[in-house]
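Okay, so here's the structure we're looking at.
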Amino acid sequence: MNKQTIITILLAVTIITANAQLTDWQNISSKNFVMKIIHDQNCLYVGTKGGGIVKIDKQSGEQTVLNRANGSMTDNAITDMALHNGELWVGTEYNGLAHVTDGDIEKYDMKNAGFCINQYFSGIFFNDDGTMLVGSIAYLYAFDGKECTAIYDINPLSPYSYVKKIRTDANGRIWVACYDALNMYNLCIFTSEGLERFNNPYGNVNTIETDKDGCLWMATNNGLVKFDGNDFMHYTSNNSALPEANITELTVDEEGNLWMIGEHNITKYDGTNFTAYPYQLGIENDYLQTIDVDNDNVYVGSRFESVLMLTDNGLAPINLIDNVLYDNTMSYSSGCIDAIGNFYVGSLYGLQTYNIDTGEYKFEPMSQTAQTESDRDGHVWILWPWYATDTCLVEITPTGKTAYMKTDYPFSEANANLIKFDCENRLWVATNKGVFVRDGETWFAYNSSNSDLTFEYVQSMAFDSNNRLWCGTNGGGLFCFDGAKWDNYTTSNSPLPSNYVGAITVDNNNVVWLNCRDNQYPDVYGVQYGFGLTRFDGNEWMTYNRNNSPLPSDCFWDLQVDADNRKWIATAGDVGLVCFDETEWTTYDTDNSGIALNEVTKITLDSKRDLIWLTQYPGLGLSVACTNCESLGINNVTISKPTDVYYDLQGRPVKHPAHGIYIKNGQKVLF
């Protein structure tokens, strides 16, 4: 390697670290929640909620993942898919409509196509003239492949609804099945005037399908309904061999047979006979929600068991690649790293542990985990919601677990909001009745009756290098406790924007950073429900907001500081993750990065591996990226022999390093 090459690489590294670029994105998720399965001549496509799309080559069995991290999908939450002229169209839950052609992908949304909303695109249907009809929450659109040509509001027909499926009958009339939270009107007929209600006497319509003769079939909670363009025929378990009443999904195979999903059977109807295939799922409360028939192969998608194939013996699972997590529904404030690099996150169904270096994963059925937090020794603590169980805390160490019961502690009658560890590794608990601290085996309580903590509803905490506690309250402003006295900052005695203090952190220079919430709606998360980023150095106050800075939201879910004193902000309102180094603002969103979702609820920084972990809004799993921190000493670059032992920038041993920067004896080594 010549000298000029070394200089070029060093300059490139300097630029990357100065701009705090996030690289090497990974989306870590579950693919167990299957929303849609379709196929063409060569491939099977499996659309999941939170795990993107898995494309399976039918000849070789090779699987390819289309997701946000690798740039091959606009959203990991898939709601619908359709193939048209050999091209894949994808409806997503948060990022509009996606069009995939020969490895390229185009996104159509509010910004470029005239859609009224970006959420829950489904019911993709192509007219004979090639015009697409597609639905979303509250609207039905006519779409020509580039922009909307017509927009129809479905809310007056069916409150709180979205389009599920669109089909035509034998007379060419277009029918629209909607999801309706109130179960009032969930079937409509589309005309040139818009949507007209269909007063359906047969039951709530779950979905619709058209057979080879153009007859419309309705799957209802009270059997099947056939409409041939003139007459209706109602099949129930009382007047036919239909095995059960509640039919949730329909499809038609290449031979014109109708296939349907019920609660206990997969049923085939050939126009004369009903053939039932009883099934039993392996997980309690699991259910089937989509079906696809490819010649002799019948595939179904479930809520908890991913893709299953119908066989003579029942349903056989098909393993999908990169199906790491059990479920994607993460707790809002959950995420921490232990001493050996395991990431702990609570979810709706349990505690999930993942090691990005080894790929080792563990799931434990500790449902409703509210928060995971690491102490100074790298032990992990779990906080449970106060209503969920008689256990309040669990400590996880290399030697085992210790459970702490509510009745054993002085805060048993309070609702715990948050736990934190100070510089001396003492455990602090923020509650609606003050704060509690454990020093050794002794607990101390601070509330309005025994201290100057005059407002007891504490919802956020942080510690500075002097071990002072800074805590935000839900209406009482900001408090600082130095171990002897409490100082209170409110809107009446300081420039604090609001007395509702949400996210809070302290940087490496003991400067306090916080987010004040909306006075009237402090628990609502949205762009306008807050007062931005407030800075307090002990003397001067400064607030950055949407009006005086590039900050895209005034409301935060979380706020953290990394080893290089950069502030990382999980904003609310679907606008992305923000990094602020007190000079430049950088926003990472689904348009410019591999982040799974713009709505991040928890930020976890792993300084040893230069990683940032992002817990996304429930249902979208985790995103991980390399932060390219400067904390490992970028100036100490040396040349060394390849026979030595090296580690990559994530701490993994590398036997034969090449073309990059590695770590040896605490220094970065260049090859």
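If each residue's Cβ is checked for other Cβ atoms within 10 Å, how do THR353, THR601 rank with the fewest at the top?
THR353, THR601
Projected onto the charge dipole of the chain (+1 at Lys/Arg Cβ, -1 at Asp/Glu Cβ, origin at the Cα centre), which of ASN323, CYS148, ALA177 gives the Cα projection farthest towards the positive end?
The residue sitting farthest along the positive end of the dipole is ASN323.
Using a 10 Å cut-off around each Cβ, can you sort SER492, SER161 from fewest to most neighbouring Cβ atoms?
Going from sparsest to densest Cβ surroundings: SER492, SER161.
Cut-off under 18 Å on the C-alpha distance; same-chain residues fewer than 8 positions from LYS602 excluded. Which aspartates and glutamates are left, in chain and number order?
ASP327, ASP338, GLU373, ASP375, ASP507, ASP523, ASP554, ASP558, ASP562, ASP574, ASP589, ASP610
If R0 is 22 Å, what FRET efficiency do you get for GLU364 and THR442 from their C-beta distance, rounded to 0.05?
Once the sixth-power term is evaluated, E becomes 0.15.
Taking θ = phi - 60°, what integer Hz values does the Karplus form 6.51 cos²θ - 1.76 cosθ + 1.60 yield along region 291-303, in sequence order, with x for Gly and Pro?
9, 9, 10, 10, 6, 8, 9, 10, 10, 10, x, 10, 7
Nearest 20 debye, what's the magnitude of the dipole of region 154-278 about its Cα centre given +1 on Lys and Arg Cβ and -1 on Asp and Glu Cβ?
Rounded to the nearest 20 debye, it is 300 debye.
DSSP loop (so not H, G, I, E, B), at most 16 other Cβ within 10 Å: list which GluC sites (Glu not before Pro) in region 338-405 pass both filters.
Details: sites: GLU360, GLU373, GLU395; in loops: GLU360.
Answer in residue order: GLU360.
Region 520-594 to region 446-463: how many Å between their Cα centroids?
25 Å
Relative contact order for the chain: what is it in percent, counting Cα pairs under 8 Å that are at least 6 residues apart?
Here the relative contact order equals 9 percent.
Quick check for me: using +1 on Lys/Arg Cβ and -1 on Asp/Glu Cβ, what's the dipole size of the chain about its Cα centre, in debye to the nearest 20?
1300 debye
What's the angle, to the nearest 10 degrees (0 to 90), between helix 3-18's Cα axis and the longest principal axis of the chain?
Relative to the chain, helix 3-18 is tipped by roughly 80 degrees.
Once you have the Kirkwood Rh of the chain from its Cα pairs, apply Stokes-Einstein at 37 °C and 0.692 mPa s and quote D in µm²/s.
Details: Rh = 27.6 Å.
Answer, rounded: 119 µm²/s.
How about LYS433: which lysines have a C-alpha closer than 22 Å to its C-alpha, ignoring those fewer than 8 places off in the same chain?
Hits, sequence-local ones excluded: LYS406, LYS420, LYS485.
For a paramagnetic label modelled at 7 Å from the Cα of TRP486 toward its Cβ, which residues of region 413-445 fall within the zone defined by backbone nitrogen distances under 15 Å?
Answer for region 413-445: 429-437, 444-445.
Pop a pseudo-label 7 angstrom from the Cα along the beta-carbon direction at both LYS111 and ILE340 and give the gap in nm to one decimal.
4.3 nm
Just name one of ALA445, TRP541, ASN509: the one whose Cα is farthest towards the positive end of the charge dipole of region 416-588 (beta-carbon charges, Lys/Arg +1, Asp/Glu -1).
About the Cα centre, the residue reaching furthest to the positive side is ALA445.
Can you pick out the pairs among LYS36/LYS146; LYS111/LYS164; LYS111/LYS146 whose Cα atoms lie more than 18 Å from each other?
In this structure, LYS36/LYS146; LYS111/LYS164 lie more than 18 Å apart at Cα.
A short reminder: the numbers here are calculations on the coordinates, not readings from a lab. Just so you know, these numbers come straight off a predicted model, no measurement behind them. For neighbour counting, all protein chains shown are included, and Cβ atoms are generated from backbone atoms with ideal geometry for every residue, glycine included.
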